[in-house]
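For reference, the structure discussed in these notes is given below.
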Amino acid sequence: MYGGSSSNQRYSTLGAITASNVNSLGGAWATQLPGRTNQTGLTMSKGLILVPTANCKVVALNAKTGEMVWEFALPERPARRGVAVGDDVGLVFAVGSTGSITAINAETGERRWTHTLTPDPAHGRPANITSAPTYARGVLLVSISGGDSGRRGGVSAIDALTGKEMWRFYVVPQPGERGSETWPNNEMWRAGGGAVWSPPAVDTELGLVYFGTGNPNGNPDGLLGQHPTKHPGPHPSHAGDLRPGTALFTASLVALDLKTGAYRWHFQLTYHDIFDMDVVTPVVLYETTVNGRPRKGIAVLRTDGYLFLLDRVDGSPLLPIEERPVPQDPFQTTSPTQPFPVGGDQVVPNCVEPWLMPPGFKSGCYFSPLNQPNLMVPYIGTRQAPMAYSPETGYFYIAASVNPFWATRFGISIEPGQRSYGLVSALDSRTNKIAWQQRTPYPLGFGGGMLATAGGVVFHGDADGNVRALDARTGEPRWQFQIGAGAVSAPFITYELDREQYIALAPSGGASPQGGSGSAQSPGDTVWAFKLGGRLQQLPPPPPPPVVQTFEGRGVIARTNQIVIDFAERDKDTIRPLGFRIDEYETFEPRRVGVPAGTRITWKNTGHEPHTISVRGQRWTTGPIKPDATGSIQFDVPGTYVFSCENHPWQQGEITVGR
């Protein structure tokens, strides 16, 4: 399965590859697939590696040689992150992005059954699936997402032999159901949210399934009175005033009965979430001892880098948890407190480091109310990339991102000039303290995460095309191999065949040693397998990813000398308390222009107050531009320039001056 087993530990008892010999790893084989992959984890079973591709196929490869054994055509594009295999029933389970579920004979590649999830009665739309499924004891568990598109997230349980749905749990309850009392606006259940982004974990002895849930997000399709204009109304995930209450079971860990779907317990990590605190990293089951007593533990990561350690029998804390006051915004009806692990280390910085931000922005922290127009907050700290747990060391291995986002009640944005980096951390399960931490040049929070082995090695991939091994006890680098394309989104697996241990992954855009690559013009991505003494050599590195965000991708470069300062009072129809101030959220139309040298560029102010445009790093300015007036600047020197509004310096655009 995606997590290695139903515990999601991503740990292997194989120990032939060790911290002392891992530097002898080389490529065993590399096979180009007939299609692209997308954050896809490989699944290995009985000598076959199984991988879904974006061109609606599941491919089976010989795990020793990489040769294709069979391929199966799916009815639709598969969901991200992989498939699951039920060895006891001999079936491979692939889930489509809109809810089709197909069981395939693992040996022959022939279809056994296909089932499609029925739509949610709240809106009647097809399901939205973005995760690999989990298989346990004859039950296939399918995570339902779609909170960003007005759907309710949840989990569906399918009988693995027949394809019939056994039960379904929705994260956002409808009126009268458990948890609905935490939604005073009882129409919000139709607005969606609570996406389940990751594969559940299962304790087969207890008969319980566990999963994390997303924020109270959703596209309410007019339910909340959004403006049907180019300046939309507030984004529901950040607009806490539209949905008072703690909003169960969003931003939570939920435990259900595996066979019936009956509620057992929950733990909410963020009350009344307006901060995008999705519980996205797959939860991990582990065994531990507390005060001399064996306990069944479950670990769940919050986006701000805190790890919560609970008893998976009843949800009680294994290490103490306390309520701490957090900053308040009465208009957004923020919760006065949030839970925090007592004495636990946060594996990412709590506030935005100033050097990560472009000029004009203010540093925010996790749980900062999103009520300041120039606020940047830390985002996607520990989010999505799966962590690993090693019983040998007692450490959780966590891949994280340190990056700011411009965040307001209206949504979030990545802005030119932003910087970011990544962190790999080992967190001691006995103390919740950082044992070691390594910094990487690129964010890892959306990546393939970690793999731990009994050989004392942890593996991860980075966006520069390097795959790496670290010493599990110290974090010291032990091995690096260049595969020719960014590997950050691909999780590793390990397996043994004929007494040889292999490490494998399927990076998106992976280049081929035979000269192909996973570009849009090539057949597909490449699966890599490594073993001690492997003879395939490293490939030339791809162009390095930028370490600073640019204007590339933020609109085409318009050939014009006219720019409009476009006023956007995006919240004008919302009922506000006395004294609540609305700023002018101006935008530039177009945001990027290209002109020959000697061109005078003119800005027209369509706002309600004066605006002054200046060029960053230069003394050039329009001076104050009154409403309905214009101002201009002459550009004689070729180059690329960033301009911004002195009144609102976080609003910026780009001018490219040619010769």
Search segment 290-305 for residues that are part of a loop (DSSP other than H, G, I, E, B) and pair each with any residue that is open to solvent by less than 10 Å² (accessible area, probe 1.4 Å) and among the aromatic types (F, W, Y) when their beta-carbon atoms are under 7 Å apart and the residues are at least 6 apart or on different chains.
R302/F308
Within segment 583-638, residues being without any contact (Cβ under 8 Å) to a residue 60 or more places away in the chain, assigned to a strand (DSSP E or B) and either of a type in the set (S, T, N, Q) or touching a helix residue (DSSP H, G or I) at 6+ places or on another chain (Cβ under 9 Å) (or both) number 10
Restricted to segment 146-174 and to residues being more than 18 Å from the chain's Cα centre (by Cα), small (G, A, S) and assigned to a strand (DSSP E or B), the residue nearest to N105 (Cα to Cα) is A157
State all residues of segment 239-250 that are under 21 Å from H266 (Cα atoms), open to solvent by less than 10 Å² (accessible area, probe 1.4 Å) and hydrophobic (A, V, I, L, M, F, W, C); if no residue qualifies, say none.
A247, F249
Are there any pairs with C-beta distances below 7 angstrom linking a residue in segment 324-345 that is touching a residue at least 40 places away in the same chain (Cβ under 8 Å) and more than 28 Å from I398 (Cα to Cα) to a residue that is assigned to a loop (DSSP other than H, G, I, E, B) and basic (K, R), with the two at least 6 apart or on different chains, and if so which?
F331/R576
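So which residues in segment 431-464 are of a type in the set (G, A, S) and within 23 Å of P540 (Cβ to Cβ), if there are any at all?
Step one: filter segment 431-464 for residues of a type in the set (G, A, S), giving 435, 445, 447-449, 452, 454-456, 461, 463.
Once the filter is applied, which keeps residues that are of a type in the set (G, A, S) and within 23 Å of P540 (Cβ to Cβ), segment 431-464 yields G447, G448, G461, A463.
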Taking segment 115-162 and keeping residues surrounded by fewer than 21 Cβ atoms within 10 Å (Cβ to Cβ), of a type outside the set (A, V, I, L, M) and out of contact with any Ser or Thr (no Cβ under 6 Å at 6 or more places or on another chain) leaves H115, T118, P119, P121, H123, G124, R125, G138, D148, S149, D159, T162
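For segment 99-145, which fully contained strands (runs of 3 or more DSSP E) count at least 2 residues that are more than 20 Å from S198 (Cβ to Cβ) and among the β-branched types (V, I, T)?
Details: elements: 100-105, 111-116, 134-136, 139-144.
Output list reads 100-105, 111-116.
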Filter segment 605-629 for residues that are open to solvent by 30 Å² or more (accessible area, probe 1.4 Å), touching an Asp or Glu at 6+ places or on another chain (Cβ under 8 Å) and modelled with pLDDT of 95 or more and give the result.
T621
Failed condition for G534, given (1) at pLDDT 95 or above; (2) over 28 Å from P52 (Cβ atoms); (3) open to solvent by 10 Å² or more (accessible area, probe 1.4 Å); (4) not hydroxyl-bearing (S, T, Y)
(2)
Test each condition in (1) closer than 23 Å to S420 by Cα; (2) buried (at least 19 other Cβ atoms within 10 Å of the Cβ) for G456 and report the one that comes out false.
(1)
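Scan segment 475-485 and tell me whether some residue there is of a type outside the set (S, T, Y), modelled with pLDDT under 90, more than 16 Å from G41 (Cβ to Cβ) and assigned to a loop (DSSP other than H, G, I, E, B).
Yes, that holds for at least one residue.
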When R324 is run through (1) in a loop (DSSP other than H, G, I, E, B); (2) out of contact with any helix residue (DSSP H, G or I) (no Cβ under 8 Å at 6 or more places or on another chain); (3) open to solvent by 20 Å² or more (accessible area, probe 1.4 Å); (4) at negative phi, the failure sits at (1)
Starting from segment 251-272, take each residue that is open to solvent by 20 Å² or more (accessible area, probe 1.4 Å) and modelled with pLDDT of 95 or more and list its partners that are part of a strand (DSSP E or B) and of a type in the set (S, T, N, Q), counting only C-beta distances under 7 angstrom and pairs at least six apart or across chains.
H266/S252; F267/S252; Y271/Q338
What pairs come out if I take residues in segment 479-500 that are open to solvent by 30 Å² or more (accessible area, probe 1.4 Å) and pair them with residues that are outside any strand (DSSP E or B) whose C-beta lies under 6 Å away, six or more apart or interchain?
V488/G447; V488/D462; V488/A463; E496/L14; L497/A63; L497/K64
Being in contact with a His (Cβ under 7 Å, 6 or more places away or on another chain) and either in contact (Cβ under 8 Å) with a residue 60 or more places away in the chain or open to solvent by less than 20 Å² (accessible area, probe 1.4 Å) (or both) narrows it down to one of R190, R178, so name that one.
R190
The one condition in (1) open to solvent by 10 Å² or more (accessible area, probe 1.4 Å); (2) within 20 Å of Y2 (Cβ to Cβ); (3) not hydrophobic (A, V, I, L, M, F, W, C) that R473 fails to fulfil
(2)
Being under 11 Å from P173 (Cα atoms) and in a loop (DSSP other than H, G, I, E, B) is the filter; apply it to segment 186-203 and report the residue that is modelled with the lowest pLDDT.
N186
Would a scan of segment 461-469 turn up a residue that is at negative phi, open to solvent by 20 Å² or more (accessible area, probe 1.4 Å), not in a strand (DSSP E or B) and not aliphatic (A, V, I, L, M)?
yes
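The values are calculated or read from the model by the stated rules, or taken from the named source; none is laboratory data. Not measured: the values here are computed from a predicted model. Note that each Cβ is placed from the backbone with ideal geometry, even for glycine, and that neighbours are counted across all protein chains shown. Heads up: the accessible areas ignore ligands, DNA and RNA and are worked out on the full protein's heavy atoms, side chains in. Shrake-Rupley method; radii C 1.70, N 1.55, O 1.52, S 1.80 Å.
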